[in-house]
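Asker: Before I ask anything, here is the structure I am working with.
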Amino acid sequence: MSNKIAIALLVCIGVVVLLAISELPLYGSPDTPAQNYVAERYIEGALSDTGALNMVAAIVIDYRAYDTLIETTVLFTAIIAVFLVLKKGTDRKGEHK
Amino acid sequence: MGELWSRVLQNYPYVFALALFAIGIYTILTHSNLFKKVIGINIMEGSTYILFIAAGNVRGGVAPILDMGDPGLVYVHPLPQALMLTGIVVSVSVTALSLALITKLYRFYGTVDAKEIMKIRSEVRANAGRD
């Protein structure tokens, strides 16, 4: 029963999103709003700004270096949380072995 | 109506992303096994990557690695790819934490099934009310 409810919900969402997809700029066309001066700036300036041939690496490590730095904090927090959760001896509530 | 369908068909990578997203939500909604719910979340994340990277694509574009020998090359947008690299790290963190929590739940309740856990919890609460 909940299976059918889920499918009905997904069909509703799917129809709305399909209508939205029909309004999106066509896939791969070079004059979409996504292909604006930002892409041009990165593609033309990456080598002279950062010296990297790979533009994705230039963005990740140079243009958005703070983003990457804080991202390592996210990873660190997740690892610490995993170690805290999996710590032995706290399997029962209030019972520390 | 015909024009609408032709536009949808031309945007087929977005439709593919939508299909993956729907599969992910369906997995989360219909499976009570917590591991399968995590798999559903990961499928949904994959659909987001496809949507973003498809939005950055240009017809005839090549991967954004500068080729000094050929100045006329068209490159795809490098920014969505860099952002999705960040997104993958976040998704790995979320997956690791949720898998650790599920392991913890298994040690506590002896099952990874959400419905079973709810049943055990309600029984415990009923017993506590009787005392």
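Asker: Report, by residue number, each residue of segment A:48-82 that is of a type in the set (A, V, I, L, M), within 26 Å of residue B:54 (Cβ to Cβ) and in a helix (DSSP H, G or I).
Answerer: Hits for segment A:48-82 are A:55, A:56, A:57, A:58, A:59, A:60, A:61, A:74.
Asker: Also, I was wondering about something else. Being within 16 Å of the chain's Cα centre (by Cα) and of a type in the set (Lys, Arg) is the filter here, so list the residues in segment B:1-37 that pass it.
Answerer: B:36, B:37
Asker: Out of B:98, B:93, report the one residue that is out of contact with any Ser or Thr (no Cβ under 6 Å at 6 or more places or on another chain), touching a residue at least 12 places away in the same chain (Cβ under 8 Å) and either among the acidic types (Asp, Glu) or part of a helix (DSSP H, G or I) (or both).
Answerer: After applying the criteria, what remains is B:98.
Asker: Check A:14, A:28 and return the single one that is closer than 25 Å to residue B:11 by Cα and in a loop (DSSP other than H, G, I, E, B).
Answerer: The match here is A:28.
Asker: Hey, another quick one. Specify which of the listed residues (B:96, B:82, B:63) is facing chain A (nearest Cβ under 10 Å) and surrounded by 18 or more Cβ atoms within 10 Å (Cβ to Cβ).
Answerer: Step by step, each of B:96, B:82, B:63 is checked, and only B:82 is facing chain A (nearest Cβ under 10 Å) and surrounded by 18 or more Cβ atoms within 10 Å (Cβ to Cβ).
Asker: Suppose the filter is surrounded by fewer than 17 Cβ atoms within 10 Å (Cβ to Cβ), out of contact with any Cys (no Cβ under 9 Å at 6 or more places or on another chain) and more than 30 Å from residue A:46 (Cβ to Cβ); does residue B:48 pass it?
Answerer: Against the criterion (surrounded by fewer than 17 Cβ atoms within 10 Å (Cβ to Cβ), out of contact with any Cys (no Cβ under 9 Å at 6 or more places or on another chain) and more than 30 Å from residue A:46 (Cβ to Cβ)), residue B:48 does not qualify.
Asker: Further, regarding this structure: Under 6 Å between Cβ atoms, at least 6 apart or on separate chains: pull out the pairs that start in segment A:5-17 with a residue that is free of Cβ contacts under 8 Å to residues at least 60 places away in the same chain and end on any residue that is surrounded by 11 or more Cβ atoms within 10 Å (Cβ to Cβ) and β-branched (Val, Ile, Thr).
Answerer: Once the first residue is free of Cβ contacts under 8 Å to residues at least 60 places away in the same chain and sits in segment A:5-17, its partners that are surrounded by 11 or more Cβ atoms within 10 Å (Cβ to Cβ) and β-branched (Val, Ile, Thr) give A:6/B:30.
Asker: Quick one: which of B:51, B:34 is out of contact with any Ser or Thr (no Cβ under 7 Å at 6 or more places or on another chain) and away from chain A (no Cβ under 11 Å)?
Answerer: Residue meeting the stated conditions: B:34.
Asker: Okay, next question. Could you check, for segment B:45-54, whether at least one of its residues is in contact (Cβ under 8 Å) with a residue 40 or more places away in the chain and touching a Pro at 6+ places or on another chain (Cβ under 6 Å)?
Answerer: Yes, segment B:45-54 has at least one match.
Asker: Sticking with this structure for a sec: Can you work out which of the residues in segment A:3-44 that are within 7 Å of another protein chain (Cβ to nearest Cβ) and of a type in the set (Gly, Ala, Ser) is nearest to residue B:57 (Cα to Cα)?
Answerer: The selected residue is A:28.
For (1) under 23 Å from the mean Cα position of the chain (by Cα); (2) more than 22 Å from residue B:32 (Cβ to Cβ), each residue gets a yes or a no:
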site: B:48; (1), (2): yes, yes
site: B:54; (1), (2): yes, yes
site: B:57; (1), (2): yes, yes
site: B:83; (1), (2): yes, yes
site: B:89; (1), (2): yes, yes
site: B:93; (1), (2): yes, yes
site: B:105; (1), (2): yes, no
site: B:117; (1), (2): no, no
site: B:128; (1), (2): no, yes
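Asker: Name every residue in segment A:21-58 that is loosely packed, with under 11 Cβ neighbours inside 10 Å and within 23 Å of the chain's Cα centre (by Cα), in order of residue number.
Answerer: Once the filter is applied, which keeps residues that are loosely packed, with under 11 Cβ neighbours inside 10 Å and within 23 Å of the chain's Cα centre (by Cα), segment A:21-58 yields A:33, A:37.
Only the coordinates and a few stated rules stand behind these numbers; no lab work does. What you see is a predicted model; the values in this text were computed from it and never measured. Here the Cβ is made from the backbone with ideal geometry for all residues, glycine too, and neighbour counts use every protein chain on show.
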